[in-house]
1. In Å², and per residue, what accessible area does the chain have when probed at 1.4 Å with the other protein chains present?
2. Summing Lys, Arg as +1 and Asp, Glu as -1, what charge do residues with Cβ under 14 Å from the Cβ of Q176 carry, Q176 excluded?
3. Kindly write out, for the stretch 140-149 in residue order, the coupling ³J(HN,Hα) from the Karplus curve 6.51 cos²θ - 1.76 cosθ + 1.60 (θ = phi - 60°), rounded to whole Hz, with x marking Gly and Pro.
4. Assuming R0 = 35 Å, what is the FRET efficiency of L6 and D105, from their Cβ-Cβ distance, to the nearest 0.05?
5. Can you give me the pair-distance distribution of the stretch 55-190, C-alpha pairs, 5 Å bins, whole percents?
6. What is the magnitude of the charge dipole of the chain about its Cα centre, with +1 placed on the Cβ of each Lys and Arg, -1 on the Cβ of each Asp and Glu, and no other charges, expressed in debye to the nearest 20?
7. Give the carbon-plus-sulfur fraction of the accessible surface of the chain in %, rounded to a whole number; probe 1.4 Å, heavy atoms of protein chains only.
8. Rounded to the nearest 10 Å², what accessible area does L92 show when all protein chains are kept and the probe is 1.4 Å?
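The values are calculated or read from the model by the stated rules, or taken from the named source; none is laboratory data. What you see is a predicted model; the values in this text were computed from it and never measured. Here the Cβ positions follow ideal geometry from the backbone for every residue, glycine too, while neighbour counts run over all protein chains shown. The area values use the complete protein model at the heavy-atom level, side chains included, leaving out ligands, DNA and RNA. Shrake-Rupley method; radii C 1.70, N 1.55, O 1.52, S 1.80 Å.
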Amino acid sequence: PLTAQLGAYSTGGGSVPTISAKALHHKGKLYLRVEWADSTNDASTVRVEDFSDAVAVEFPALSATSVPSLCMGQADAGVNIWHWRADSQAGLKDPLQVYAGAQIDGYPSKDALFYTARAVGNPFAQPDRGPVQTLVSQTFGTLSPSTDQDVAGQGVYQDGKWAVVFERGYEAKNPQQAKFNNGTRTDMAFAVWNGSEGDRNGRKSVSQFVTLSVADAATPGSSDTNTAAL
């Protein structure tokens, strides 16, 4: 079950009541599949009034000695977040596709510096890097992209439902991020953004922490593929 994000002041959200999640590990990689119902496919943010569908999975950072605060961790217990966005997966679109009659001043040069967001490395302006960002946070207000981006993902919208799969190796490139192994347990939480409801930033639907148990024994009939229970 999900609910609106709690905070010092109300920010809205909570339009997605439930999600379902499944986990699988195979040859040293963890796969998470998250599904939820959504009557609209919001995958374009070309217009300033549009917001994207998205989903995130949050884990305690490896150095955390206790379960962190759900709201972006805390000073002594940071979090590692995998964040998928539908608009990042759809890729960049020319505004003229939306505003067909618009008149736009032409750039005097094709130099990349004229694309300022790309030039400074804004992750949302780099769709070739994939639709999933690895984020780190020590408390609210400190969320930032990790220097190591090692989580892959893909989403599919069909029959009024999103299904998004995340994939990462057991060992992260950054030793302070979430780590997995056969026979281990960790906490995890989920967040979903519904673009048509204006969800963005802290306006979202969130879960409490649940337990991810990575199976140790092999599934009957297979020597290298196990389920991982939520």
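1. 55 Å²
2. -2
3. 3J(HN,Hα) across the stretch 140-149, in whole Hz: 4, x, 10, 4, 8, x, 6, 5, 10, 10.
4. 0.20
5. 2, 9, 16, 18, 17, 13, 10, 7, 4, 3, 1, 0
6. Using Cβ point charges on Lys, Arg, Asp and Glu, the chain gives about 300 debye.
7. With neighbouring chains kept in place, the figure for the chain is 53 percent.
8. 90 Å²
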